Amino acid sequence: MYAASPQLQAEEERKQIDIRMHKKIIVPYDGSDNSFRAFQTAVDIASMFGSHIVVVHACEKERCRPDIFDRIKSYVNEERPEADQFLDYKLLRFDPDKSSVSSELIKEIVLGGYDLVVMSARGTSVNDELYMGSVAASIIMNTNTSIYIVR
């Protein structure tokens, strides 16, 4: 009977750990080009690891756009139809007097049991000189989930 080398066994164990680590991916999406690139990256990761993606948009109750996911849906239909099998969308509506985009996303990440956050460093920020937006910084500082930042 053939016995695998210790190096081969270690490599196989690492692959299994990697696969388990990325089973459920969240992508915060604000409609910006940067967050769209983060979504595309998440699709590539999910395709490699057999992951499930939830694209999440947090918005003030009165300001939620019903068409916010249209660009993603069009991309999936035209260029990545296989992604439709492992993709869901979620709107997080909140009262701006009681919460914020960052707070809602952090709550979703923590309570949703996500293994990986794939997000852009900056979204719809008005200051082009910032290397990282306030939402990204807040998520990095306030969650224990692995984060993949797309620039």
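See the values below:
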read-out	value
Extreme residue, surrounded by the most Cβ atoms within 10 Å (Cβ to Cβ), among residues of the stretch 52-72 that are modelled with pLDDT of 95 or more and part of a loop (DSSP other than H, G, I, E, B)	69
Test result for residue 114, of a type in the set (Phe, Trp, Tyr), modelled with pLDDT of 95 or more and either more than 22 Å from residue 22 (Cα to Cα) or under 14 Å from the mean Cα position of the chain (by Cα) (or both)	yes
Residue check, residue 106 buried (at least 18 other Cβ atoms within 10 Å of the Cβ) and either at pLDDT below 95 or farther than 15 Å from residue 36 by Cα (or both)	yes
Single condition residue 64 does not satisfy, out of (1) out of contact with any Ser or Thr (no Cβ under 8 Å at 6 or more places or on another chain); (2) under 19 Å from residue 139 (Cβ atoms); (3) not small (Gly, Ala, Ser)	(2)
Close pairs (7 angstrom Cβ cut-off, 6 or more residues apart or separate chains): free of Cβ contacts under 8 Å to residues at least 40 places away in the same chain in the stretch 62-90, small (Gly, Ala, Ser) and surrounded by 10 or more Cβ atoms within 10 Å (Cβ to Cβ) anywhere	68/31; 76/83
Filtered residues of the stretch 80-91 (kept if farther than 20 Å from residue 50 by Cβ and out of contact with any His (no Cβ under 7 Å at 6 or more places or on another chain))	90
Complete set of residues in the stretch 78-88 that are part of a strand (DSSP E or B) and surrounded by 15 or more Cβ atoms within 10 Å (Cβ to Cβ)	87
Residue check for residue 75: part of a helix (DSSP H, G or I), surrounded by 12 or more Cβ atoms within 10 Å (Cβ to Cβ) and not polar (S, T, N, Q)	yes
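The values are calculated or read from the model by the stated rules, or taken from the named source; none is laboratory data. Not measured: the values here are computed from a predicted model. Note that each Cβ is placed from the backbone with ideal geometry, even for glycine, and that neighbours are counted across all protein chains shown.
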